[in-house]
Amino acid sequence: MQGPQLLQTLSELKLRFDYELPDGKYAWSALIFKGVEAFEFTGHSSCTRHQVRAYDRLVLVLDSNWLSRRAPDRGGLKHYRIYFDEVGCYDVAATMFEPRDDSSAPTTLP
């Protein structure tokens, strides 16, 4: 309902998103990316078919040209991608991620 929200610190990126529960209510979840070197948002109307394939799921992009252009000398980085319908695609270069239930967090970021 509210769309994804980003919160960035020096080396961490938190991507919050709401989703519909079976009873019609909404809850929040989050992906916490650690060791972030780069991230990029592409609006829905500018997304490629490859980006749209990451619809509602986090994917690991292998042999990523995007990653090699942004951090060519950083080993251990991975290219993560997620696409939200009618919103767009987030590409993140990070060392890892962890999913997090964010249902107890406020519905807006500070």
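Data for the structure
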quantity	calculated
Those trypsin sites (Lys or Arg not before Pro) in the range 21-110 that DSSP places in a loop and that have at most 15 other beta carbons within 10 Å	LYS25, ARG53, ARG57, ARG74
Taking the convex hull of Cα positions in the range 1-55, its mean projected area over all directions (nm²)	4.9 nm²
Mean accessible surface per residue for the chain, computed with a 1.4 Å probe while every protein chain stays in place, in Å²	62 Å²
Kirkwood-based shape ratio for the range 4-109, expressed as Rg/Rh from alpha carbons	0.98
Segment GLU37-ARG49, extension gain: residue separation times 0.36 nm, minus the distance between their alpha carbons	1.9 nm
Amide H contacts under 5 Å for THR95, placed H, 5+ residues apart	LYS34, GLY35, VAL36, LYS78
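The values are calculated or read from the model by the stated rules, or taken from the named source; none is laboratory data. The structure presented is a predicted model; accordingly, all values stated were derived computationally and were not measured. Backbone-built Cβ (ideal geometry, glycine too); neighbour counts: all protein chains shown. Just the protein is used for accessible areas: all its heavy atoms, side chains included, with ligands, DNA and RNA removed. Shrake-Rupley method; radii C 1.70, N 1.55, O 1.52, S 1.80 Å.
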